[in-house]
1. Taking amide H positions as placed 1.01 Å from N in the peptide plane, with prolines and chain starts having none, which residues 5 or more places from Val4, or on another chain, fall under 5 Å of its amide H?
2. Net charge within 15 Å of Thr26 by Cβ-Cβ distance, Lys/Arg positive one each and Asp/Glu negative one each, not counting Thr26 itself?
3. Could you work out how far apart the two model spin labels at Glu41 and Ala66 are, taking each label as a point 7 Å from the Cα in the direction of the beta carbon, and quote it in nm?
4. Return the loop-located GluC sites (Glu not before Pro) in the range 1-72 (DSSP other than H, G, I, E, B) with at most 14 other Cβ atoms within 10 Å of their own Cβ; answer none if there are none.
5. Please report the net charge: other residues with Cβ closer than 13 Å to the Cβ of Ala13, K and R +1, D and E -1.
6. Rg/Rh for the range 45-95: what does it come to with C-alpha atoms and Rh from Kirkwood?
7. Which pairs in the list Lys68/Lys100; Lys36/Lys68; Lys7/Lys36; Lys7/Lys93; Lys68/Lys93; Lys36/Lys100 are over 18 Å apart, alpha-carbon to alpha-carbon?
Amino acid sequence: MRLVCAKVTNFRALEEVKIRIDDATTLIVGRNNSGKTSFVELFERFFGSERPRFTLDDLPTSQIDAIKRAVRTYRQVERFKADPVQARTLTDKAIKLLPKILLRLTIASGPKRSRLVGACGHDVAGWLKGTPEHE
């Protein structure tokens, strides 16, 4: 088995990037701040010895509006504490609005190199409670 392709979504400068991994050698080349280090670090985050840890700074700036919408929705939960069903519905809605950091891997295996695709993802829902009040 070997890694054939990696697709990254919403990690720093890597909003939607697909990188093909060559059989022999793969070089990651680019300008400063183009995402080379972020690409390598994402693998460490998902496959390192510790549980993946992300912060809001790990999301691309293009996701700021999505985060603000999620926070506004989550803040409405306070008004519905007496109605747990409505509060849960709003919480679920806020979580769905949050962007996700994804790493999708394509792995070739066997003589015919059949492909298996797996995805590693991290929901940023745990960040909601610690989000600053400013929008």
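Rule-based calculations on the coordinates, nothing more; no lab input. None of these values were measured; they are calculated from a predicted model. Using ideal geometry, Cβ is built from the backbone for each residue, glycine included, and neighbour counts are taken over all protein chains shown.
1. Thr106, Ile107, Ala108
2. Values: positive: Arg2, Lys7, Lys18, Arg20, Lys36; negative: Asp22, Asp23.
Summing Lys and Arg as +1 and Asp and Glu as -1 gives +3.
3. Simple spin-label model gives 1.9 nm for this pair.
4. Values: sites: Glu15, Glu16, Glu41, Glu44, Glu50; in loops: Glu50.
Qualifying residues, ordered by number: Glu50.
5. Local net charge: -2.
6. Numbers: Rg = 14.7 Å, Rh = 12.8 Å.
We get a ratio of 1.14 for the range 45-95.
7. Cα-Cα > 18 Å for Lys36/Lys68; Lys7/Lys93; Lys36/Lys100; rest within.
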